[in-house]
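K.L.:
Here's a structure for you.
The values are calculated or read from the model by the stated rules, or taken from the named source; none is laboratory data. Please read all numbers here as calculations on a predicted model, not as lab measurements. Glycine gets a Cβ as well: all are built from the backbone with ideal geometry, and neighbour counts include every protein chain shown. Keep in mind that these areas ignore ligands, DNA and RNA; they rest on the heavy atoms of the full protein, side chains included. Shrake-Rupley method; radii C 1.70, N 1.55, O 1.52, S 1.80 Å.
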Amino acid sequence: MYTDVIRELADGKSHSVESLELNESELPRLTAHMVELGIEFQYRRGSLQIVGGLELLDADRMRALMDEEARELLHKIEVHWTIDSTNTYLLKKSQKQACHAEVSIAEQQTQGRGRRGKNWVSPFGKNLYMSIAWNMPTAGASVDGLSLAVGVGVVRGLSACGVEGVQLKWPNDLLVDGSKLGGILIEVSNPKLERVEVIVGIGINLQMPHASGRTIDQNWTDMARVTGTRISRNLVAAKLLDSLLGMLNTFPQMGFRSYRREWQGYDAFKDRAVEIHIGNETVAGIEKGVDDRGALRLQTEMGIRQFVGGEISLRAART
Ligand code: BTN
């Protein structure tokens, strides 16, 4: 709805309603739609302007910003204006190209999904919602630990955009000073013996609108706050793909083992008192990093215990 008009207005300049080829009755509908999307605009003397402009996602621009090696591992990038969830989209679609990535990226998600069945707040045009489908052989290293390795890949990609100080909370939450900057949701479809289709979903807060931020049920931050600047969304997507495609390609040979030390260097809870929640069970202990499979190591009264699995959550111990 009004996609072409919003694209034209994205330059942040003032456009007369006439030049946008809108009639008088369409104007209230367009402005209501922009309010709904959270787009800040001005209407003055028959002209419309998006305040500060919008950087829309552009697949050609992302490709141009990517390294050549990563480009060679890319099959296609699909940009969606609005979608339920980029992960759900790729899960429904079967990925045929072995060792080539199919990427789905959206301006807005209406049913963005987080870990443990949570909702992922995904307002229009401001943040990054991207999923990568990768058809991976399971021979050699298993996909265990992949979700932690992806966390390392995202930290590296963000660092290439000038975002430093990002830490990881097991298994792969992205934190800055204890507040959530982004998250990773890995899902596996089509599990066959020799190959699996892995969907790597990444959500990064770049410039979270305040109204959307108020609906998030935990401490959050965004790249604009962390860096004090507005970093290009197309650049962030390109640098994450640079970092992640090579990793996905070599993971079956390398396994998590080769990322373990780096992961522990980013560990936000290393040697801190934490609680692990598994359903109704709570286990308290001191966080002792991860093992070669990516299992969390917890020093408890009974000795070291290891934890794996998607339904576990880790929290700082209440003092
Ligand atoms: C988390 O709970 O920390 C994981 C959040 C993952 C969000 C991303 S946004 C792109 C992809 N599509 C989804 O529906 N979820 C992931």
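K.L.:
Look through the stretch 187-207, keep the residues that are among the hydrophobic types (A, V, I, L, M, F, W, C) and free of Cβ contacts under 8 Å to residues at least 60 places away in the same chain, and return whichever of them is nearest to the ligand (Cβ to nearest atom). Break it down stepwise before answering.
P.N.:
In the first step, residues of the stretch 187-207 are kept if they are among the hydrophobic types (A, V, I, L, M, F, W, C); the result is 188, 193, 196, 198-200, 202, 204, 206.
Cutting the leftovers down to free of Cβ contacts under 8 Å to residues at least 60 places away in the same chain gives us 188, 193.
Numbers: 188: 14, 193: 27 Å.
Taking the candidates together, the pick is 188.
K.L.:
As an exercise: evaluate residue 54 against (1) part of a loop (DSSP other than H, G, I, E, B); (2) over 25 Å from residue 236 (Cβ atoms) and give the number of the one condition it does not meet.
P.N.:
(2)
K.L.:
Let me ask you something else. Look at the stretch 1-27 and say how many of its residues are at pLDDT below 90, among the hydroxyl-bearing types (Ser, Thr, Tyr) and either surrounded by 14 or more Cβ atoms within 10 Å (Cβ to Cβ) or touching a Ser or Thr at 6+ places or on another chain (Cβ under 9 Å) (or both).
P.N.:
1
K.L.:
Shifting gears a bit: Answer yes or no: is there a residue in the stretch 133-151 that is in a loop (DSSP other than H, G, I, E, B), modelled with pLDDT of 95 or more and within 16 Å of the ligand (Cβ to nearest atom).
P.N.:
Residues of the stretch 133-151 that are in a loop (DSSP other than H, G, I, E, B), as a first pass: 138-145.
Subsequent filtering for residues that are modelled with pLDDT of 95 or more retains none.
Looking through the stretch 133-151, none of the residues is in a loop (DSSP other than H, G, I, E, B), modelled with pLDDT of 95 or more and within 16 Å of the ligand (Cβ to nearest atom).
K.L.:
When you look at residue 184, is it outside any loop (DSSP other than H, G, I, E, B), modelled with pLDDT under 95, of a type outside the set (Lys, Arg) and within 13 Å of the ligand (Cβ to nearest atom), yes or no?
P.N.:
Working: outside any loop (DSSP other than H, G, I, E, B): yes; modelled with pLDDT under 95: no; of a type outside the set (Lys, Arg): yes; within 13 Å of the ligand (Cβ to nearest atom): yes.
So residue 184 does not fit the description; no.
K.L.:
Please go through the stretch 57-87 and pick out each residue that is open to solvent by 30 Å² or more (accessible area, probe 1.4 Å) and part of a helix (DSSP H, G or I).
P.N.:
Once the filter is applied, which keeps residues that are open to solvent by 30 Å² or more (accessible area, probe 1.4 Å) and part of a helix (DSSP H, G or I), the stretch 57-87 yields 60, 61, 63, 64, 65, 68, 69, 71, 72.
K.L.:
Can you pull out the residues in the stretch 154-181 that are more than 21 Å from residue 290 (Cβ to Cβ) and either within 11 Å of the ligand (Cβ to nearest atom) or not in a strand (DSSP E or B) (or both)?
P.N.:
First pass over the stretch 154-181, keeping only residues more than 21 Å from residue 290 (Cβ to Cβ): 160-164, 177, 179.
Matches in the stretch 154-181: 160, 161, 162, 163, 164, 177.
K.L.:
Of the residues 260, 233, which single one is basic (Lys, Arg) and open to solvent by less than 50 Å² (accessible area, probe 1.4 Å)?
P.N.:
On the way: 260 fails: open to solvent by less than 50 Å² (accessible area, probe 1.4 Å).
None of the others qualify; the one that does is 233.
K.L.:
Another question about this same structure. Search the stretch 88-118 for residues being among the polar types (S, T, N, Q) and more than 9 Å from the ligand (Cβ to nearest atom), and hand back the single one that is surrounded by the fewest Cβ atoms within 10 Å (Cβ to Cβ). Outline the logic, then answer.
P.N.:
Going through the stretch 88-118, the residues among the polar types (S, T, N, Q) turn out to be 88, 94-95, 97, 104, 108-111.
Of the ones still in play, those that are also more than 9 Å from the ligand (Cβ to nearest atom) are 94-95, 97, 108, 110.
Values: 94: 12, 95: 20, 97: 14, 108: 18, 110: 10.
Only one residue fits best here, namely 110.
K.L.:
Same structure again: For the condition more than 22 Å from residue 114 (Cα to Cα) and not in a helix (DSSP H, G or I), what is the one hit in 231, 216, 202?
P.N.:
Values: 216 fails: more than 22 Å from residue 114 (Cα to Cα); 202 fails: more than 22 Å from residue 114 (Cα to Cα).
Selected residue: 231, the only one of 231, 216, 202 that is more than 22 Å from residue 114 (Cα to Cα) and not in a helix (DSSP H, G or I).
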